[in-house]
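Encoded as structure tokens, the structure appears first; notes follow it.
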Amino acid sequence: MNSSTLVFIGGGNMAGALVGGLLQAGTPAASILVLEPFAAQRASLQQRFGVRVLAEAGPDLRAAQGVVWAVKPQSFAEAAAACAPHLDDALHLSVMAGVRCGAIARRAGARRIVRAMPNTPALIGQGIAGLYANAACTPADRAEAERLLAPTGALLWVEQEAQLDAVTALSGSGPAYVFYLVEAMTAAGVRLGLPANIAKRLALGTFSGAAALATQSPLTPTQLREQVTSKGGTTAAALDTLAQHRVAQAFDAALQAAAQRATELGDLLD
């Protein structure tokens, strides 16, 4: 696709992360077209990346061999109605939560479809995404989807489309859970007497360091947790309190709710 047009439908943060990564990898700016209805966002994309931008769908979309759907799920039906008449047989890559291949096929006239569920650390190249390809996709299509998403971070394929709802709940929405815990730990540190800036740095450093250790260590997260937990010690007291408040069960319920919402979004468009 390096010599032909790649069309982004939607020019928000995730599209910007992909466009920026592709340009850094050597994709010519002239081969990328972004469809974005908001004037301020169009101006920003043009200034940052030098790519072509359009306010509305038109014949220029016909050159696309790749289409990236990066609109909000609630906006997909309207966007697809405007774009479908101008799209030929392109590979369609969707980063929309909940919108299933069947809906993309029907509303956008797509045949080869790859769905991806990235998360916001993709904006700094440290995200992780689950991918699913429908039966019409070839190995070359899968490879192309990986090339397009490579700048965002790690990629994992799932074999069942329904599993993307779980990916959405776990990692797609997951950064918000981490930020929520950082907020809570920072606030607790302040209540214990720390300055807010120090409490925040300690909380963030703890998360980043623990994640790096868990990634590099051959031990499981359970084993790593047990290493920190001395009988009768401070960590044991904290973990006992978390258990009393049923924090693990609360996380399970939270992920169930997120997955259910992803399913509902798909049902609305089906």
- [ ] Scan region 182-194 and give yes if some residue there is surrounded by 15 or more Cβ atoms within 10 Å (Cβ to Cβ), closer than 27 Å to ALA259 by Cβ, hydrophobic (A, V, I, L, M, F, W, C) and not assigned by TED's automatic domain parsing to the domain that holds GLY127, otherwise no.
- [x] yes
Task: Matching residues, region 202-222, being surrounded by 11 or more Cβ atoms within 10 Å (Cβ to Cβ) and either more than 25 Å from the chain's Cα centre (by Cα) or not in a helix (DSSP H, G or I) (or both) - done: LEU202, SER217, LEU219
Task: Yes/no for ALA154 being in the same structural domain as SER94 (by TED's automatic domain parsing) and closer than 30 Å to LEU131 by Cα - done: yes
Open item on the list: Please go through region 143-170 and give me each residue that is within 12 Å of ALA259 (Cβ to Cβ) and assigned to a helix (DSSP H, G or I), ordered by number.
Closed with: GLN163, LEU164, ASP165, ALA166, VAL167, THR168, ALA169, LEU170
Open item on the list: Show me the helices (runs of 4 or more DSSP H) entirely contained within region 15-116 in which 1 or more residues are closer than 24 Å to GLY127 by Cβ, of a type in the set (S, T, N, Q) and out of contact with any Leu (no Cβ under 6 Å at 6 or more places or on another chain).
Closed with: 39-49
Task: region 228-270 - residue that is of a type in the set (Ser, Thr, Tyr) and exposed (fewer than 12 other Cβ atoms within 10 Å of the Cβ) and, of those, nearest to the chain's Cα centre (by Cα) - done: THR241
Open item on the list: Between a residue in region 46-67 that is more than 24 Å from ASP141 (Cα to Cα) and any residue that is modelled with pLDDT of 90 or more and among the acidic types (Asp, Glu), which pairs come within a Cβ distance under 9 Å, given they are 6 or more apart or on different chains?
Closed with: VAL53/GLU36; LEU54/GLU36; ALA55/GLU36
Task: Extreme residue, nearest to the chain's Cα centre (by Cα), among residues of region 97-116 that are without any contact (Cβ under 8 Å) to a residue 40 or more places away in the chain and over 14 Å from ASP165 (Cβ atoms) - done: VAL114
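The values are calculated or read from the model by the stated rules, or taken from the named source; none is laboratory data. No experiment lies behind these values; they were computed from the predicted model shown. As a convention, Cβ positions derive from the backbone with ideal geometry for all residues, glycine included, and neighbour counts pool all protein chains shown.
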